Amino acid sequence: ETGVTQTPRHLVMGMTNKKSLKCEQHLGHNAMYWYKQSAKKPLELMFVYSLEERVENNSVPSRFSPECPNSSHLFLHLHTLQPEDSALYLCASSHSQGSSYEQYFGPGTRLTVT
Amino acid sequence: GQNIDQPTEMTATEGAIVQINCTYQTSGFNGLFWYQQHAGEAPTFLSYNVLDGLEEKGRFSSFLSRSKGYSYLLLKELQMKDSASYLCAVRDINTGGFKTIFGAGTRLFVKA
């Protein structure tokens with residue numbers, strides 16, 4: 001347990017569905033991240049929130065919509081996804097001040113788009 | 001641009017020492033991380049280097065040379081449980097230092 005939880009752990013959705021991924025951190029961090037991890041590819045940074053403000057939007061298609069209502073919670077809203085969006089979606093958190101900003105990752109949501 | 005290179009796979013023997021190399025190119029270097037990721041699990045933080053030199057933490061050590069854009073992770077007294085992917089990641093000073101670029105990872109197989 002890293003102090004970062006994600007739900008659901010597995011999700012299968014059709015291309016016309018709308019779903020949301022949830023992340024919660026219990027570490028007192030004030031920065032949260034969404035990453036996409038596809039097979040044999042590097043972790044891709046999608047979004048970063050610091051103090052509930054989005055500070056990085058890494059050219060992600062608009063069918064992915066993040067939401068950060070407070071420093072402990074992060075959502076990723078999904079709609080009209082494509083099969084190539086099937087991947088492991090990882091949430092992470094870190095401090096936003098200090099020297100290293102090491103990130104603590106949740107267990108991920110395994111998403112399959114059919 | 002930004003680029004991180006590390007070997008795709010390595011194999012080593014239990015009890016031995018293995019060195020995993022990482023080279024990087026980035027416009028705004030602000031620290032280098034190593035993470036361990038077991039299959040089906042989340043990455044976990046191993047080490048952080050921002051200045052040149054060696055950082056030692058138990059069986060694991062990490063080295064950085066900023067002038068060469070080079071780092072390595074050294075694992076000593078290998079154990080079977082060290083079989084995992086090892087991710088090299090570089091923090092970019094842009095966006096306040098929140099942007100971290102990851103390599104594709106090196107899958108390490110430890111054999112008996």
*Could you look through the range A:72-108, keep only residues that are farther than 28 Å from B:Asn94 by Cα and not hydrophobic (A, V, I, L, M, F, W, C), and pick out the one that is least open to solvent (accessible area, probe 1.4 Å)?*
A:Ser86
*Taking the range A:15-43 as the search range and keeping residues that are within 12 Å of another protein chain (Cβ to nearest Cβ) and open to solvent by 70 Å² or more (accessible area, probe 1.4 Å), which one is farthest from A:Glu67 (Cα to Cα)?*
A:Lys40
*Name the pairs whose Cβ atoms lie under 6 Å apart, with the first residue in the range B:98-112 and open to solvent by less than 40 Å² (accessible area, probe 1.4 Å), the second basic (Lys, Arg), and 6 or more positions between them or separate chains?*
B:Thr100/B:Arg91
*Looking at (1) within 14 Å of chain A (Cβ to nearest Cβ); (2) surrounded by 18 or more Cβ atoms within 10 Å (Cβ to Cβ), find the lone condition where B:Ala12 falls short.*
(1)
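Each row is one residue, and each column tells you yes or no for (1) among the polar types (S, T, N, Q); (2) in a strand (DSSP E or B); (3) more than 14 Å from chain A (Cβ to nearest Cβ).
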{"site": "B:Ala42", "(1), (2), (3)": "no, no, no"}
{"site": "B:Glu55", "(1), (2), (3)": "no, yes, no"}
{"site": "B:Ser67", "(1), (2), (3)": "yes, no, yes"}
{"site": "B:Arg91", "(1), (2), (3)": "no, yes, no"}
{"site": "B:Phe109", "(1), (2), (3)": "no, yes, yes"}
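The values are calculated or read from the model by the stated rules, or taken from the named source; none is laboratory data. Keep in mind it's a predicted model, so treat the numbers as computed, not measured. No Cβ is skipped: glycine too gets one built from the backbone with ideal geometry, and neighbour counts run over all protein chains shown. Ligands, DNA and RNA are excluded from the accessible area calculation, which covers all protein heavy atoms including side chains. Shrake-Rupley method; radii C 1.70, N 1.55, O 1.52, S 1.80 Å.
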